[in-house]
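Here's the structure, in structure tokens; my notes come after.
The values are calculated or read from the model by the stated rules, or taken from the named source; none is laboratory data. Bear in mind the structure is a predicted one, so any value in this text is a computation, not a measurement. Note that we place each Cβ from the backbone using ideal geometry, even for glycine, and neighbour counts take in every protein chain shown. Side chains included, ligands, DNA and RNA excluded: accessible areas come from the protein's heavy atoms. Shrake-Rupley method; radii C 1.70, N 1.55, O 1.52, S 1.80 Å.
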Amino acid sequence: MEAYTKQVISIIQKIPLGTVATYGQIARLAGNPRAARQVARILHSMSQKYDLPWHRVVNAKGEIVIGDPETAIEQKYRLAEEGVEFFRQNKVKLVTFQWQPEELCLSAESSDLD
DNA sequence: CCGATGACCACCC
DNA sequence: CGGGTGGCCATCG
């Protein structure tokens with residue numbers, strides 16, 4: 001398996017319960033800012049083989065963009081179960097629920113913060 | 001090899 | 001906020 005794919009999977013598994021991440025966000029964390037679509041494809045194909053919280057991933061606008069209506073409904077249902085609220089029909093409140101991966105960002109600054 | 005496709009994204013109006 | 005447009009890039013037939 002490609003390293004990039006592993007990276008994507010590992011990142012998705014770190015998304016905390018009750019929060020959401022965007023495809024582009026994951027692509028950036030994995031090191032390929034332009035690979036949002038590929039992240040989506042990986043999610044689509046791997047979520048069944050691996051145990052991924054695929055429902056915690058939405059597009060940059062916070063919308064559920066899954067093609068298959070049944071799957072989209074399931075995603076919405078699962079997010080609701082975790083306490084994630086919806087804006088309109090299929091939009092989540094990104095400002096409130098988007099994942100802030102601080103664990104992965106620190107080490108950049110800090111040091112002499114105090 | 002090439003064109004079409006897609007669980008995307010940024011931009012513009 | 002919503003809808004259209006061009007760009008991206010791996011997969012597929």
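Across region A:40-52, the number of residues qualifying as without any contact (Cβ under 8 Å) to a residue 24 or more places away in the chain and either of a type in the set (Phe, Trp, Tyr) or touching a Ser or Thr at 6+ places or on another chain (Cβ under 7 Å) (or both) comes to 0.
Looking only at residues in region A:18-36 that are closer than 22 Å to A:Lys93 by Cα and over 11 Å from the mean Cα position of the chain (by Cα), the one that is most open to solvent (accessible area, probe 1.4 Å) is A:Arg28.
Residue selection: A:Leu94 fails the criterion of being closer than 17 Å to A:Gln7 by Cβ and within 16 Å of DNA strand C (Cβ to nearest atom). Summed over region A:51-63, residues that are modelled with pLDDT of 90 or more and away from DNA strand C (no atom under 13 Å from the Cβ) total 7.
Residue-wise test of (1) open to solvent by less than 50 Å² (accessible area, probe 1.4 Å); (2) in contact (Cβ under 8 Å) with a residue 60 or more places away in the chain.
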{"position": "A:Trp54", "(1), (2)": "yes, no"}
{"position": "A:Ile64", "(1), (2)": "yes, no"}
{"position": "A:Gly67", "(1), (2)": "no, no"}
{"position": "A:Ala72", "(1), (2)": "yes, no"}
{"position": "A:Phe97", "(1), (2)": "yes, yes"}
{"position": "A:Pro101", "(1), (2)": "yes, yes"}
